[in-house]
Amino acid sequence: MRRERRSVKKSPAKTSPCGRGRLLLRSTLTTAFLLTSYLSPLTCQVPTGFAALHDSLATVFDTSALRTLLRSSRRQEKANRPDPAATLRSGLIALRLGTLNADSDFSEALARFRDAARRKPDHPEAWWGLGLAEEGRSRWEMSEPLNLGSRVGLKALERAGDNYRRSLAADPTYLAAAVALARVELSLLDTVRLEAARDAVRRSAQAMRPGHPDLLLAWGRLERATDAHDAANTAFERYVASGPNRGLGLLELARTRLALGRDDGEAAYYEGASIDDPDATPGYAADLQWFATDSVLSELGRLEGYARAAYLHRFWTDRDRLELRADGERLREHYRRLVYARRHFPLTVSRRFYGWRDAYRSGSAELDDRGIVYIRHGEPAQRLRPFIFGAMPNETWRYAQAEGDLMLHFSAGWDQDGGGDLYDYRLVQSVLDLRGADDAPPDQLLLSRQSLSPAYARMLNWGTYGAARARTQERNMGKVSIEVATSSDSYELQFARRLGVVADLVAVGHRDGASLAHLVFGIAASGASPEIAFDGLYYPVRVRLVVLDRRDRAVARLDTTLAIERPRPAGRGEYLIGRAELVLPAGGWSYRASVQQGDSAGVVLPRDSVHVASSDGTSFSLSDIALGSWPAAARWVTDAADTVLLAPAALFRKGSDIELYYEVTGAVTGGVYRHEISVSRSDRSGLAAKRPLVSLAFEERAPAADIRSRRVVRLDRLKEGSYIVTLKLTSSQGKVRARQRAITLTK
C-alpha cells in the first residue's frame, strides 16, 4: 500500500489536467505575490507594484487559490499592523474575489480598503481601491432583484466617485483614479457632480501635461458633458495629436465640434468613420440608435472603411434634403441635441417602474422620455411646466409641424395607478393621465393647458356630451402624437411669424426635352413686407422645394430667391403670386416646400404629391392641368413661346373665367382625340360629385405627336365653395388619360 501511494505521488500521469493547472496557477500567483512583497518591504511606504498586482490578479480565476492567498495576506497584516502595504494587497485580492462572485457584495474588499484609507488618507491607492470596491457593490445591488427601489446601487456608485476624487486630491497625477472618476460620473450624469469631477480631472490634466491619452479622453468627455466645449475640443485635439487611436479621437473631436455647430466637425466625423477602428466604429451606430431604423444600423455595421463614411454621408444628406436644410445642418443639430439631452434630461434612476397609464417604454437607461423626444425632434415650439396642487411634476410640449401639431404630456412621480420616480418623466396620452391628476382640481388641471389647444376649454366648459367628445379628441391627439414623436425624427424650419401661403406643384411643360414642375404660390399681402426699388416696389421671397422618392431620397430640389414686383403695395385681401420651376423625371413623387420672407417670416407647407407624365414621346401621356385667372396669376412662357397663366387652386374668385392649359405627348399625328372638361362640386371626402355643373367637350386632330391645348371655362354661375376640375382625353384607339385639379371659389 505504501508503494502504491508513493507511485501515485511520483507519477505525473495520475495527476488530472485540472489539478496541474491549479498547481501552476497557485505557483504563478505566489510568485507574483512574493515579487510584490519584495518590491514593497514591510514599512510604512505604499507598494510601488500596487497597479501591477491589480493587473496580474485580473488574470486569475481560481477562487480557492485567491482565498488561500487572502488568508496569507491577512496573517501578514496582523503580524505587521503598522504597514498599509499588506492591507492594500488584501484589498486587491478581496476585490478580485468579489469580481468572481466569491464575495458578491464586496464586503471584504470594502473593509480592507477602508482600513487602509483610514490609516493612510494621503495615499491615493487606498481611495482608488475603495472606489473600485464601491463600484462592485453597486453592480451587485443593481443585480439583486430583492433590493427594492428606483435608485438601487446609485448611492454606492456616488461613493465610488467620491473616493476617486479623494484619490486625486491625494495625488493629482494618479491616472487610474482620474479615468475611473470620469467613467463613474459620466454614468451618473448628475450636473453638480459632473462639474466637481471635471474640475478634479482638469487639475490632473494640468499636472500631467501633455497627459496620458486615457486621461485626455476622460478630461475631454467631462468638459463636453458640462458644456465646456472649447476645453473639450482642446483635450481631443491633444488626444488625436498623441496618436494612439486616431479613429476614436476623430469621433470625439467630431462630437464636440458638431455640438458647437462648427463646420470642421463634419470633416472629422467622416474621416473617423472611414477608419476601421473597433473602439470607434460602434460609437457611430450608438449615436444613431436614438432614431435610426434597425435596417440602417444593420447596414452600417456591415460596411467598412470609406463605404461606411459614404453611407453616413448619404444618410445625413438625405435628412438635410428632407428638412429643406443646407448640407450638414441636420448632422450638427443631432449632436447639439445629444449633448443638451444628456445635460438636461438624464435618467438618474437605476430602475424604471411603469404604470398602466404610461404610454411609451423606450428601454433607455440613460435618458427619460423627454430626452428621447428631444433627440428626435429638438426644441418644442411651446413648453409648459405648470404647478398644479395635488399633481406630481409634469410638462407638456407642443411641436408646430406642417402636417399637424404634436402634443406630448410627460409625467413624473407616482400615484395609485403605478409606481415611478420624481426624476423619471414618462409619456402619457392625456393631461387626465398625469400622476396625481385625480387629486388635482379639474379647473386648474385643464386651464393650465388652455393656451395649447381649445380642446381643454371645451373639456371644462361644455356640457356632459360635448365635454366627453372633447376628452376623447384630446386623448386621441395625445395617442397619435406619441406614435409620431417616438417613431420619427424632424428638424423642421421654424419661423417667428407665420406667413399665410397657399401653393400647388403643377407638372406641365418641358425644357430642353425634360419635364417641368412649377411651384406656384400665393402669399397673403397682410403678412408680407415690401422693399423699395427704383421703379416701384418688390417683395423678396425665398422658395425651397425638394421632391422625394418613396425612400425619402431627394430626386430634385431648388433653393432660390424671387423678386415679386408690384407698382404699389398689395392691399388687404390680395395675394402676391409667384412661381418657381424645376426639372423633374417622370414618375410619382412626394414633395415638401417652404416659402419665406426675410429671416423671421415664413411657413413650411404640408407634404403633398405630384405625378409627372412621361416626356419621351413613346407613350401616350397627359400632363397636369395648369389653371389661371387674370390678374391673380403668374405667367409662364412655354417652349413654344405661349404665355400660360398659373395660380394656386385656392385663389380663384367667384364669377371669374379660368384658363386651362395642358399638354399631350405620344399622340398619333392626324389622329382624332376627344377632350372632355367638367367642373363638379367636391364632396366631404374630396371626391367629385357624379353630376358636373359645367361641362365642355370637343374633338380635334393632333397636329403632331405633341398636343398643346388651351381653353377658357366660365364659372360665373357657380357659388363659393370647393370644386373638382376634371380633364378626360380619349384617343381614336380608345386609350383614355385623365387628370383632376381641386379649386376653391371665394368672394
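The values are calculated or read from the model by the stated rules, or taken from the named source; none is laboratory data. Quick caveat, the model's predicted, so the values are computed rather than measured. Note: ideal-geometry Cβ built from the backbone for every residue, glycine included; neighbour counts use all protein chains shown.
One table, with the values for the structure above:
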{"item": "Number of positions in region 363-397 that are more than 18 Å from residue 484 (Cα to Cα) and without any contact (Cβ under 8 Å) to a residue 12 or more places away in the chain", "result": "2"}
{"item": "First in region 398-409 and under 9 Å from residue 478 (Cβ atoms), second anywhere and at pLDDT 95 or above and of a type in the set (Ser, Thr, Tyr), Cβ under 6 Å, 6 or more apart", "result": "407/481; 408/481; 409/396"}
{"item": "Flag if residue 581 is touching a strand residue (DSSP E or B) at 6+ places or on another chain (Cβ under 9 Å), among the acidic types (Asp, Glu), in a strand (DSSP E or B) and under 27 Å from residue 742 (Cβ atoms)", "result": "yes"}
{"item": "Test: residue in region 206-228 that is under 15 Å from residue 172 (Cα atoms) and under 26 Å from the mean Cα position of the chain (by Cα)", "result": "yes"}
{"item": "Filtered residues of region 169-183 (kept if part of a helix (DSSP H, G or I) and not β-branched (Val, Ile, Thr))", "result": "169, 170, 175, 176, 177, 178, 180, 181, 182, 183"}
{"item": "Candidate set from region 141-158 (those that are among the hydrophobic types (A, V, I, L, M, F, W, C) and farther than 18 Å from residue 184 by Cα); member that is modelled with the highest pLDDT", "result": "146"}
{"item": "Per-region count, region 141-159, residues over 19 Å from residue 366 (Cα atoms) and of a type outside the set (Lys, Arg)", "result": "5"}
{"item": "Residue that is modelled with the highest pLDDT [pool: residues in region 175-198 that are among the β-branched types (Val, Ile, Thr) and surrounded by fewer than 17 Cβ atoms within 10 Å (Cβ to Cβ)]", "result": "192"}
{"item": "Residue in region 139-146 that is in a helix (DSSP H, G or I), in contact with a Leu (Cβ under 7 Å, 6 or more places away or on another chain) and either touching a residue at least 40 places away in the same chain (Cβ under 8 Å) or not charged (D, E, K, R) (or both) present", "result": "no"}
{"item": "Residues being hydrophobic (A, V, I, L, M, F, W, C) and either under 22 Å from residue 137 (Cβ atoms) or modelled with pLDDT of 85 or more (or both) - total across region 37-95", "result": "16"}
{"item": "Boolean, residue 267 is in a helix (DSSP H, G or I), at pLDDT 95 or above, among the small types (Gly, Ala, Ser) and closer than 25 Å to residue 306 by Cα", "result": "yes"}
{"item": "Criterion (among the acidic types (Asp, Glu), under 20 Å from residue 150 (Cβ atoms) and touching a Phe, Trp or Tyr at 6+ places or on another chain (Cβ under 6 Å)) met by exactly one of 368, 424", "result": "368"}
{"item": "Considering residues of region 393-434 that are hydroxyl-bearing (Ser, Thr, Tyr) and touching a Leu at 6+ places or on another chain (Cβ under 7 Å) only, the residue surrounded by the most Cβ atoms within 10 Å (Cβ to Cβ)", "result": "411"}
{"item": "Residue tally, condition under 17 Å from residue 117 (Cβ atoms) and either within 54 Å of the chain's Cα centre (by Cα) or in a helix (DSSP H, G or I) (or both), over region 74-88", "result": "6"}
{"item": "Selected residue (only one of 478, 466 is crowded, with 19+ Cβ neighbours inside 10 Å, out of contact with any Leu (no Cβ under 6 Å at 6 or more places or on another chain) and part of a helix (DSSP H, G or I))", "result": "478"}
{"item": "Enumeration of residues in region 213-233 that are assigned to a helix (DSSP H, G or I) and either over 20 Å from residue 338 (Cα atoms) or charged (D, E, K, R) (or both)", "result": "213, 214, 215, 216, 221, 223, 224, 230"}
{"item": "Positions within region 225-257 being more than 23 Å from residue 367 (Cα to Cα) and either in contact (Cβ under 8 Å) with a residue 60 or more places away in the chain or among the polar types (S, T, N, Q) (or both), in sequence order", "result": "233, 234, 242, 245"}
{"item": "Qualifying strands (runs of 3 or more DSSP E) (wholly inside region 658-747; at least 1 residues being more than 26 Å from residue 620 (Cα to Cα) and in contact (Cβ under 8 Å) with a residue 40 or more places away in the chain)", "result": "672-681, 707-714, 721-731, 736-746"}
{"item": "Per-region count, region 481-494, residues of a type in the set (Gly, Ala, Ser) and surrounded by fewer than 19 Cβ atoms within 10 Å (Cβ to Cβ)", "result": "2"}
{"item": "Conditions (1) of a type outside the set (Val, Ile, Thr); (2) within 14 Å of the chain's Cα centre (by Cα); (3) not in a loop (DSSP other than H, G, I, E, B): number failed by residue 292", "result": "(3)"}
{"item": "Residue in region 339-362 that is without any contact (Cβ under 8 Å) to a residue 40 or more places away in the chain, under 23 Å from residue 193 (Cα atoms) and not in a helix (DSSP H, G or I) present", "result": "no"}
{"item": "Conditions (1) at pLDDT 95 or above; (2) more than 24 Å from residue 353 (Cβ to Cβ): number failed by residue 120", "result": "(1)"}
{"item": "Test: residue in region 414-424 that is part of a strand (DSSP E or B) and more than 17 Å from the chain's Cα centre (by Cα)", "result": "yes"}
{"item": "Residue match in region 607-629 (condition: free of Cβ contacts under 8 Å to residues at least 12 places away in the same chain, assigned to a loop (DSSP other than H, G, I, E, B) and either of a type outside the set (Asp, Glu) or surrounded by 16 or more Cβ atoms within 10 Å (Cβ to Cβ) (or both))", "result": "no"}
{"item": "Condition check for residue 532: of a type in the set (Val, Ile, Thr), buried (at least 20 other Cβ atoms within 10 Å of the Cβ) and either in contact with a helix residue (DSSP H, G or I) (Cβ under 8 Å, 6 or more places away or on another chain) or over 30 Å from residue 739 (Cα atoms) (or both)", "result": "no"}
{"item": "Single unsatisfied condition, residue 172 versus (1) crowded, with 19+ Cβ neighbours inside 10 Å; (2) under 34 Å from the mean Cα position of the chain (by Cα); (3) under 24 Å from residue 92 (Cβ atoms)", "result": "(2)"}
{"item": "Breaking point among (1) touching a residue at least 40 places away in the same chain (Cβ under 8 Å); (2) farther than 26 Å from residue 619 by Cα; (3) under 48 Å from the mean Cα position of the chain (by Cα); (4) not in a strand (DSSP E or B), for residue 639", "result": "(2)"}
{"item": "Single unsatisfied condition, residue 349 versus (1) assigned by TED's automatic domain parsing to the domain that holds residue 379; (2) under 19 Å from the mean Cα position of the chain (by Cα)", "result": "(2)"}
